[in-house]
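Just so it is clear, none of the values below were taken in a lab; they were calculated from the coordinates. None of the values given here were measured: they were computed from a predicted structure. All Cβ positions, glycine included, derive from the backbone under ideal geometry; neighbour counts span all protein chains shown.
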Amino acid sequence: MRKLILREITLVSLKEKKARKFKFHPKVTVIKGENHTGKSSLIKSIYWAFGAKPKKVHPNWEKADVITSVRFSIENDDYLILRKGEFFAIFDGNYNVLGTFDKITTALGPYLSELFGYKIKLNNRNNNLITPPPAYFLLPYYIDQDVSWSESWSAFSNLGQLKNWRTNIINYHTGIKPNEYYEIKAKIEDKQLKIKDIENKKSVSQTVLDKLLAQFKSALIDFDINVFRQEIDELMEKYERIKVVGQRAKDKIIELKSDKLHLQNHIDILKNAVQELRNDYQYALKQPDAIDCPTCGHTYENSFAERFTIAKDEDSCQELLIQLNEDMKDIDTEIKKEYIVYQQNNKEASKIQDLLEQKQGKIKLRDVIQNEGKKELKDILQNEINSLKGDISDLQEKIDSLRKDLKEYENRKRQEEIKRYYLNLMRGYLLELDVNTMEEKSYKAITSKISESGSGLPRALLAYYYSVLHTMNKYGTSTFCPIIIDSPNQQDQDQENLDRMMNFIFDNQPESSQLILGLVELGDYKFEGEIIELKHKYNLLQESGYKEISREIRFLLDKSINL
């Protein structure tokens, strides 16, 4: 099984001008600090950077608007994930941007599922098949101080996004239904959706075909199309000729009407000119032979020659007006001729209508043509339906084959082996943690909700978490993530039981796993790893080092935003 190892976390608040950087040991890192030193905020930020929001986050921490980056490795490959609000960026070990995301469920989640090897698909509340968001595949690794010591599988918020997720997620993580199971199941569901889509198309075609067949039953359709071939040829010939002649007449009428409009404009202009010349001539007749201009004082002649020129211009205009009126009559005549042609064309169309109504016995030529079209449509629909049936049959064969493959991963013997392994661990761990009052039926199923009273509940939950984690480590098929445990000293454990819990956590850490443990007091416990000690209350982030650390974060932001 592949392992994810956390290397380093960087926290920066540009708002408060504070920052902090912490390194993690590949085996065990103990984060030690009194209450209010920011221990839980640091721990919660680790998986928050991967898109999993803890159920409870301190409001002051949210106000600080902390940008978080986490360096991690999977096998021999190094990565870095950056989160600012709802923006995420993932880099490789050389700071090359592998992807940027502003949605968790539809963008970051599917990317991380590929990176971590999580192949599970589940239905959301809208019954759409999706990749579960990161919270679902990080859930078994995080034991939160606020909720995880009273209820299992509840450390993150918004888990109601998926329907009936708990059993599916537990079965997936523990290998009862591994990656291969969900890969095959996803293929089956994809093909079932395709079948549903094809069935809808087939249903539409079948409905049309049924209506068409019903029309055939109510009509006489048993005839030879060749009997009507000559009539059909004649129909098509007349139709083409009428279409050409009719369009030509229509175009000519439009052209003539346009010419008539222009001509009418010219006539109107001439009429105005004639009236103006006539007015000028009448005015000149009433004036003396010489006229003084009231404006400039110049004297103009009003001789017979001048008055004759005005009259001559009026005559010219009159002659032109007469000619234009003659042209107008010619255009009107042409328009009437073209309308006659157009009307004759309509008569030809009526002849085609009559031809369609001609009968051969009891059958009209129109019926013949329509029936041939229906026959052709019927053949097309029937061929389409047959083709769709073939597609459905092919898909169903593939589904049947995939279901046979699926049975290999539904093997009862294998599932019982995994469940028995979990149960044996649970029995032993409960004894080791001195939880003796729980009946086996209350924890026998790997999906059990652990219930116990008083100080025994945290120890029973710890036994359950470690039983599941060891089962995952042995039978799981995806990347095993770091185990993060915050504040195991719950429900006023006496010193003896607290020692049991602490020794249990260190001694039973799954093989090759990474553990990050948050504590108020460490005590004298032996482990291979390092300690991060937080000493300043209400000051997890500090001003010292802000300039250098913020420069690193700005570099990552600039690189991811300015691709």
The answer for GluC sites (Glu not before Pro) in segment 385-415 that fall in a DSSP coil and have at most 15 neighbouring Cβ atoms within 10 Å is Glu410
Taking the alpha-carbon centre of each part, the distance from segment 384-399 to segment 1-77 in Å is 52
Residue span Arg427 to Lys27: 0.36 nm per residue of separation minus Cα-Cα distance leaves a gain in nm of 141.4 nm
Distance in nm between Ser154 and Glu255 label points, each 7 Å along Cα→Cβ, equals 8.9
Between Ile532 and residues 5 or more places away or on another chain, the pairs with built amide H atoms under 5 Å apart involve Val30, Ile31, Lys32
Taking a crude spin-label model, label points 7 Å out from Cα along the C-beta direction, the Thr167 to Ile322 distance in nm is 10.9
Under the Karplus relation with 6.51, -1.76 and 1.60 and θ = phi - 60°, whole-Hz ³J(HN,Hα) for segment 460-470, x at Gly and Pro, equal 5, 5, 4, 4, 5, 4, 6, 5, 5, 4, 5
Env charge @ Glu530, Cβ radius under 11 Å, K,R +1 / D,E -1, value +1
Using alpha carbon centers only, segment 459-492 is separated from segment 125-162 by a whole-angstrom value of 14
Ala64 neighbourhood, Cβ < 10 Å, K/R = +1, D/E = -1, net charge 0
Plugging the Cβ-Cβ distance of Glu416 and Leu522 into 1/(1 + (r/R0)^6) at R0 = 51 Å yields, to the nearest 0.05, a FRET efficiency of 0.80
P(r) of segment 416-459 over all Cα-Cα pairs, 5 Å bins starting at 0, rounded to whole percent, reads 5, 22, 34, 26, 9, 3, 1
A student applying the Cα gyration tensor rule (rounded when a/c is under 1.5; otherwise prolate if a/b is larger than b/c, oblate if not) would label segment 20-117 oblate
Whole-Hz Karplus couplings 3J(HN,Hα) for segment 426-431, θ = phi - 60° and coefficients 6.51, -1.76, 1.60, Gly and Pro as x, run 4, 4, x, 5, 5, 5
Length gained, Asn126-Asp507, 0.36 nm per residue minus C-alpha separation, equals 132.7 nm
Here the gain from full extension of Ile531 to Asn279, 0.36 nm per residue of separation minus their alpha-carbon distance, amounts to 79.1 nm
Pseudo-spin-label distance Thr437 to Lys398, built 7 Å along Cα→Cβ, given in nm, is 5.7
